[in-house]
Amino acid sequence: MTKTIVIDGLGLIGGSIALAIRQQWPEHKIIGVDINHQSLTYAKERGIIDNGFTQLQSYAEKADIILLAAPVSIIMEHMEQLAQMQLKPEIIITDVGSTKRQIMTKASVFVDRGIHFIGGHPMAGSHKTTITASRADLFQSAYYFLISDTLNDQRAQKAADELQALLSGLNVKWQLVSALQHDQIVAQISHLPHIIASGLVNMAQNEFSGSTLSLKLAAGGFRSITRIASSDPDMWTDILLSNRQTLIDKIDTFGDLLEHVKEALHASDRPAIRNYFQRAKITRDSINAQASSHAPNFYDLFVNIPDRVGSVAEVTRVLADAKINLINIHILEIREEINGVLQLSFSNQNDLADATCALKQHGLSVIRGE
Ligand SMILES: NC(=O)C1=CN([C@@H]2O[C@H](COP(=O)(O)OP(=O)(O)OC[C@H]3O[C@@H](n4cnc5c(N)ncnc54)[C@H](O)[C@@H]3O)[C@@H](O)[C@H]2O)C=CC1
Ligand SMILES: O=C(O)C(=O)Cc1ccc(O)cc1
């Protein structure tokens, strides 16, 4: 059955979800809502949406599904507005906001009216924003949180099944958690890291100001750990303010950890310092191992590529010549004058083995994947 889907906030995430729905369900009508006219024009010209509006009121009452994908504070404002409208009785409203406790508390505005609200959060994205950065495959193999708080009866479960079917083209791994669990998890693995990344950049900037040294000297490590400091400041202000207490606690704990390293340095305590790095190494190495064991549909290898024009094309040509189907390619790192690393994903073990062989025969250095 043809559905009308309203996507409110047509940026990186709203745009990427629109693209994925469009690809899988071309018969559905997709309406974009954004205060930014340019985003609407961009999406309409490329056929990502059928029509665009600057006001949610313009189309919400005709919607079968509304996906709220603006910054967190706007999502909550728009939930209030939606609760005042004459919506279709079986409408499903969902969101993609990076925090969930405040949003799920706000969802009480829908309960009396019997409207389904399903909290969601795809755990993939980028430091880049706006629809121009959106991609249909942005969420491929990523986790997508669904919030259990409102999934408490059969009708709600049916609505969640419908939402999951609509978004099945995203190829995500669904993860059911409570809003409380969600905000604690993301505070640790997403919000605190953003605070630290921006802190490192601000500190380096302070240290280098007034000196002839500059941040251009920063090596790969600094660049990798601070990539997310390029994220949108308004979006991250909303995120921090909607997960305040959890983050205050996390900052305290992180402060204790730094204090521990400082004490070890004061005491020249070599075993304590080594232990700090060793524990982290074991855990960090195991993330890669877990990631590959949880993604049985993807077979990855990593290739060293020289920093010269055409080296990525060379890799893809070798694979095309060998008639090997590549399902994803990701540039992990390219540093000036040094090798970069390409991550190549295949759909099965045979393609992975054939690709390893073809690339090695071509003289390329394959890091992992046999
Ligand atoms: N960037 C990321 O990697 C991820 C972001 N999220 C969440 O997704 C949401 C959207 O983030 P992005 O797409 O990255 O941001 P974005 O900045 O690319 O897109 C947000 C869009 O919302 C629009 N907008 C702002 N105020 C509006 C209003 N009053 N009415 C309608 N549209 C309005 C903006 O014009 C923009 O096009 C946020 O809630 C964020 O926390 C979730 C997962 C990943
Ligand atoms: O760019 C990155 O690595 C991110 O961390 C993207 C991201 C940003 C916000 C989220 O709520 C989830 C993922």
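The values are calculated or read from the model by the stated rules, or taken from the named source; none is laboratory data. Quantities reported herein were computed from a predicted structural model and do not represent experimental measurements. So basically every Cβ, Gly included, is an ideal-geometry build from the backbone, and we count neighbours across all protein chains shown. Heavy atoms of the whole protein, side chains included, go into the accessibility calculation; ligands, DNA and RNA do not. Shrake-Rupley method; radii C 1.70, N 1.55, O 1.52, S 1.80 Å.
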In the range 289-310, is there at least one residue being over 25 Å from the mean Cα position of the chain (by Cα) and of a type in the set (A, V, I, L, M, F, W, C)? yes
Test: Lys88 is touching a His at 6+ places or on another chain (Cβ under 8 Å), of a type in the set (D, E, K, R) and not assigned by TED's automatic domain parsing to the domain that holds Leu240: no
In the range 239-288, what residues are modelled with pLDDT under 95 and within 16 Å of ligand 2 (Cβ to nearest atom)? Arg284, Ile287, Asn288
Within the range 314-350, residues at pLDDT 90 or above and at negative phi come out as Glu314, Val315, Thr316, Arg317, Val318, Leu319, Ala320, Asp321, Ala322, Ile324
Of the residues that sit in the range 298-317 and are aliphatic (A, V, I, L, M) and outside any strand (DSSP E or B), which one is least open to solvent (accessible area, probe 1.4 Å)? Val315
Just to be sure I understand, how many residues within the range 98-111 are in contact (Cβ under 8 Å) with a residue 40 or more places away in the chain and either of a type in the set (Gly, Ala, Ser) or assigned to a loop (DSSP other than H, G, I, E, B) (or both)? 4
Quick one: how many residues across the range 78-91 are in a helix (DSSP H, G or I) and more than 17 Å from Asn36 (Cα to Cα)? 5
Output yes when any residue across the range 254-261 is in contact with a helix residue (DSSP H, G or I) (Cβ under 7 Å, 6 or more places away or on another chain), surrounded by 11 or more Cβ atoms within 10 Å (Cβ to Cβ) and closer than 30 Å to Thr105 by Cβ, and no when none is. yes
Just checking, does the range 101-124 include any residue being within 30 Å of Glu45 (Cβ to Cβ), modelled with pLDDT under 95 and surrounded by 14 or more Cβ atoms within 10 Å (Cβ to Cβ)? yes
Consider Glu80 carefully, then state whether it is exposed (fewer than 13 other Cβ atoms within 10 Å of the Cβ), touching a residue at least 24 places away in the same chain (Cβ under 8 Å), in the same structural domain as Ala159 (by TED's automatic domain parsing) and within 13 Å of ligand 1 (Cβ to nearest atom). yes
With the requirement that a residue be open to solvent by 90 Å² or more (accessible area, probe 1.4 Å), modelled with pLDDT of 95 or more and within 16 Å of ligand 2 (Cβ to nearest atom), what does the range 194-238 give you? Pro233, Asp234
